[in-house]
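Enquirer: Please see the structure below; I have some questions.
The values are calculated or read from the model by the stated rules, or taken from the named source; none is laboratory data. Keep in mind the model is a prediction, meaning the values are calculated, not measured. Note: ideal-geometry Cβ built from the backbone for every residue, glycine included; neighbour counts use all protein chains shown.
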Amino acid sequence: MRINHAFLHMLSREAGRLGMDAPRGLALAETASVRERYAPMSRLLIEDDRLFLIRQGLPEAAKNLRREHRSCYFGYVRRLAQEVREARRLGALAMASEGHWRLGTLLARTLVSESSLLYLRWLGWQHALGITVAARDVAECLELLLAGPRFQPATT
């Protein structure tokens, strides 16, 4: 996948660098399950549905739909943040139990994952401010976060 956004590109490089000595990754089915669970986030911030309702003469419904989509998006971000933090905690425990404790790696992973989560929040706030958000930016950030330093969710 080619990443177009400069910030995401930088995070992707850092995540790739960290992935070399990450703990064991997910089974393919678990990774697919996580991606499927968060896939709707990419669609929630695009304007197609709102524009359709406006063309149908329903501006109030369009406004409400936009607000509901944004609320759902931030709900996804909250849940994703919980899973990412739990995965980091479990990764640190695994690292400690294997005797491969590397504080620098843990801090770098924290920085990459928290930066990604912050960027997802920023995209939601851009949407709230009326700034057009590309679904591609959300999808790329999710891909980076879920596949970057071998994301290992607490739940599937």
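Enquirer: Sort out which residues of the range 73-92 are among the acidic types (Asp, Glu) and surrounded by 19 or more Cβ atoms within 10 Å (Cβ to Cβ), and write them in order of number.
Expert: Of everything in the range 73-92, just one residue is among the acidic types (Asp, Glu) and surrounded by 19 or more Cβ atoms within 10 Å (Cβ to Cβ), namely Glu83.
Enquirer: Take Leu44 and tell me if it is buried (at least 16 other Cβ atoms within 10 Å of the Cβ), under 16 Å from the mean Cα position of the chain (by Cα), within 23 Å of Glu140 (Cβ to Cβ) and modelled with pLDDT of 90 or more.
Expert: Numbers: buried (at least 16 other Cβ atoms within 10 Å of the Cβ): yes; under 16 Å from the mean Cα position of the chain (by Cα): yes; within 23 Å of Glu140 (Cβ to Cβ): yes; modelled with pLDDT of 90 or more: yes.
Answer is yes for this residue.
Enquirer: Something else now. Need the failing condition index for Ala108 against (1) of a type in the set (A, V, I, L, M); (2) out of contact with any helix residue (DSSP H, G or I) (no Cβ under 9 Å at 6 or more places or on another chain); (3) farther than 23 Å from Leu45 by Cβ, just the number.
Expert: (2)
Enquirer: Oh, and also: Residue check: is Arg35 modelled with pLDDT under 90 and surrounded by fewer than 18 Cβ atoms within 10 Å (Cβ to Cβ)?
Expert: Taking the combined requirement at face value, the residue satisfies it.
Enquirer: Within the range 54-156, considering only helices (runs of 4 or more DSSP H) that don't extend past its boundaries, which have at least 1 residues that are modelled with pLDDT of 90 or more and farther than 23 Å from Val34 by Cα?
Expert: On the way: elements: 59-97, 103-128, 135-147.
Output list reads 59-97, 103-128.
Enquirer: Also, I was wondering about something else. Which one is surrounded by the fewest Cβ atoms within 10 Å (Cβ to Cβ), of the residues in the range 125-144 that are touching a His at 6+ places or on another chain (Cβ under 9 Å) and of a type outside the set (A, V, I, L, M, F, W, C)?
Expert: Selected residue: Arg136.
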